[in-house]
Amino acid sequence: MAMATTRAEDLIVCYSPKMVTAKGIWKGDNPLDYSIPLVILQMTIVVATTRIMVFVLKPLRQPRVVSEILGGVILGPSVLGRVQGFASTIFPSRSVMVLETMANVGLVYFLFLVGVEIDLTVLRKTGKRALAVAIGGMILPFVVGICFTIVLHERKPKSLNTATYILLLGVTLSVTAFPVLARILFELKLINSEIGKLAMSSALLNVMCAWILLAFAIATADNDAKSFASLWVLLASVGFVVVCIVFVRPAITWMVGTASEGEPLSEFTICVILTGAMISGFITDAIGTHSVFGAFVFGLVIPNGALGVVLLEKLDDFVSGLLLPLFYAISGLKTNFASIDSGRTWGVLAFITFLSCAGKIAGTMLVTMFLRMPYNDGFILGVLMNAKGLVELIVLNIGKDRKVLNDESFSVMVIVAVVMTAIISPIVATMYKPTRSSVSYERRTLQRALHDGELRLLVCIHTHRNVPAIINLLEASNPTTKSPLCIYVLHLVELTGHASGMLIVHNARKSKHVPTAKNRTQAQSDNIINAFESFEQHSSFVSIHPLTAISPYNSIHEDICSVAEDKRVSLVIIPFHKQQTVDGGMEGTNPAFGSVNQNLLAKAPCSVGILVDRGVSGSARVAANEVSRQVCVLFFGGPDDREALAYGWRMCENPGIALTVLRFVPGANATLSTMLPTDDPDNPNVLTVEATSSWENGLDDEYINDFRSKNDDDESIVYTENVVNSSEETVAAIRKLDNYHDLLIVGRGHGVMSPLTTGLTDWSECPELGAIGDILAESDFSSTVSVLVIQQYIGSSQHELTGSPHSTSQSDDELIHRRTWSPKKTDYI
């Protein structure tokens, strides 16, 4: 294999077509002299390096693109390339073409998937504010790019097209990376905030404008001013887009429509689509644009629905996890800090970085001032719009390949893109403090919610299997003219951490097209939303507001709490982490669901209900004098049980509900003192427990008496007291309950000590349900009775009372002491 050089910039490499696969080290062959073993080793090193960088930079909240670019820089001539023998052995010149070809194939398919994930209907819904921010955030950085071309004009070969030079650098500095911005907003928990939604909408418009400018820049790259080639490139590109919209999209829609309903798409259909992406890339590359442009446009015309879900499931992990890092690595391998050989260039680098960030921020702030947004929000929005990523690297690589950018300019622009992206998370995390309403809402519990006012509920859904029970429970909640139901439906989806995740949360209203970037869940979200909207259409005084939260399960409770507080709901209802089997038993689904429930109980800004679904009876329409559901409230005492009774009280106003209130009363032999050591007469815990118990009993009696006096004439309500003396008698009484009831409502009872439940928590499998709820959720209790366990919100110290899956356990007397507050009547009215 021979290699000859002409100039320092030009390198001629000769390849041997037969040196593809090694015969083996036992025959004296060096595997690194052959293409396949070398490429496999290179891919392994690239992926390992980028993953290590992701791990190292994770505490700094850096987006994955920063880690992957820096991983390529480390492997390139700037760091490891300086080690003698590393570059010539691991990344020899003869292997770069093969590696870069694989990287560009991965890039083609990644841009195809990005096009599939983007819902074009979102562009029509972004609004004037997002359009103004997108344009304002592009103009000043583009001007900075023009100034940058003037500064470096003397280093540009005279034969190059100046217009192309200006366009490429202007696009690089003005564009906002949509996927990178989504990841940053998710890490900062701003994805569902107003500023997060505005930033995402603006970034989407920004990216679309950038693609148009990029296509125009590539088309005008012809250096011959007298040639009409640039015009033909533009016309051919427009014609390609028109053909995709007019002919390709209807053809694909027809192919998908021929599949039988409920049947998976055929392998032939998937093969045609994947081949179409490559053909589109070939066509646009042949007409002079770029292969990624054709793949992106082809992805945009793919109809939303099952096809997009299948494509993402088949390609996303392989493309995003293995092939795309190769492209970032190639960009890093082309970056050589040594090419920046003068102090003047480093000064220009710092100056351009500052002007680029400042231009983006200033342009955005001017628009936000016109829109009368707070100055701080305008500044933070401008910082967020500085996110750089894939599109910028594509522009820079095109510029370098077409010799619009030399090594120095390329390295400078890569550093600018990395720095601009890296500083976003620290700045926003330090400076941005979301402003909330100074007046906190009071109706955080069902007891505080007015019977003649709107009741706001937040229901959380993991899968479509949770939907029927939740809907039937909501129907039993008695929406009326005076007290309608405002229901926020939150579909909980786990974020796996792929860079292709874009719109982490969507808020769709009566739309078949859900603007979510995680299309693999779009079909399920559609089914869930359609079910609740159907419930809304067939019900009176009910309004449905669907949302989807896509986050890791270890932090998704923060999204739930944020939505609950923003929407001012009184109760969050979330499914139990176990589901019923065919034989009536209970089996676990996803263990993470249990942690979500416990974290939610610890942090919720309102009351929380966990629904154990055993098939809440259906929603058949009945006459006013007929009963369709039997509901029973088990009352032991305490805030949680009063909250459970408040929900049952609301339900019993529904003519189709028969309510039984079963109050467990301590007998003469049941005393609180038996639960604590009494050897020390000065033990303050004994006094605390007795005082709290007496006061809680007073609140319980007052609420029960109020309930009975106002429902004394209602024959559908049955009140019964059951006297027990110990936890053993309590369990026996509960197990005597037959399957007559459809739903049992019970308070979680956390932090409240009672002689009727002493020692039951020691054997609990599911502490989030409390002592009684855990018994009712056991497989051997009942196979037909559903259970709703309610915890009442009691104040800002809720997290101290409830604990989280990772918190240290607290003794009952500590919880009682923490739960003691001044006994004012207004505390429960």
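At a glance:
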| read-out | value |
| --- | --- |
| Heavy-atom accessible surface of region 350-485: percent carbon and sulfur, 1.4 Å | 61 percent |
| Spin-label model distance (nm) - I423 vs N739, 7 Å beyond Cα toward Cβ | 6.8 nm |
| Förster radius 51 Å - calculated FRET efficiency between R129 and E653, Cβ distance, rounded to 0.05 | 0.75 |
| Accessible-area composition of region 542-586, carbon plus sulfur, in percent [1.4 Å probe] | 44 percent |
| Across K314/K603; K58/K334; K58/K578; K314/K360; K360/K400, pairs whose alpha-carbon gap is larger than 30 Å | K314/K603; K58/K578; K314/K360 |
| Gain upon complete extension [I139, N554; 0.36 nm per residue less C-alpha separation] | 145.4 nm |
| Positive-end residue of L274, A163, V65, charge dipole of region 32-431 with Cβ unit charges | A163 |
| Simple label model, 7 Å out from Cα along Cβ direction - A358 to A48, nm | 4.5 nm |
| Potential extension, D401-N705 segment - 0.36 nm per residue separation minus Cα distance | 101.2 nm |
| Unit Cα scatterers, Debye sum, region 32-431: log10 I(q)/I(0) for q = 0.06, 0.08 Å⁻¹ | -0.24, -0.43 |
| Computed E for D452/E778 - FRET, C-beta separation, R0 45 angstrom, nearest 0.05 | 0.70 |
| Computed FRET value (nearest 0.05) for A229 with A251, which takes r as the C-beta separation and R₀ as 25 Å | 0.25 |
| With DNA, RNA and ligands ignored, accessible area of K27 (1.4 Å probe; Å², nearest 10) | 150 Å² |
| Assigned charges on the beta-carbon of Lys, Arg, Asp, Glu; region 32-431 dipole about Cα centre (debye) | 1020 debye |
| Carbon and sulfur %, accessible surface of region 14-87 computed with the full protein complex present, 1.4 Å | 68 percent |
| Relative contact order (%) - criterion: Cα under 8 Å, at least six apart; region: region 32-431 | 30 percent |
| Accessible surface, region 32-431, averaged per residue in Å² (probe 1.4 Å) | 41 Å² |
| Extended-chain gain in nm, criterion 0.36 nm per residue less alpha-carbon gap, N697 and Y375 | 110.7 nm |
| Overall form of region 558-608 per C-alpha gyration tensor (a/c, 1.5; a/b vs b/c) | prolate |
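The values are calculated or read from the model by the stated rules, or taken from the named source; none is laboratory data. Not measured: the values here are computed from a predicted model. Glycine also receives a Cβ, built like all others from the backbone with ideal geometry; neighbour counts cover every protein chain displayed. Please note that ligands, DNA and RNA were not included when accessible areas were found on the heavy atoms of the full protein model with its side chains. Shrake-Rupley method; radii C 1.70, N 1.55, O 1.52, S 1.80 Å.
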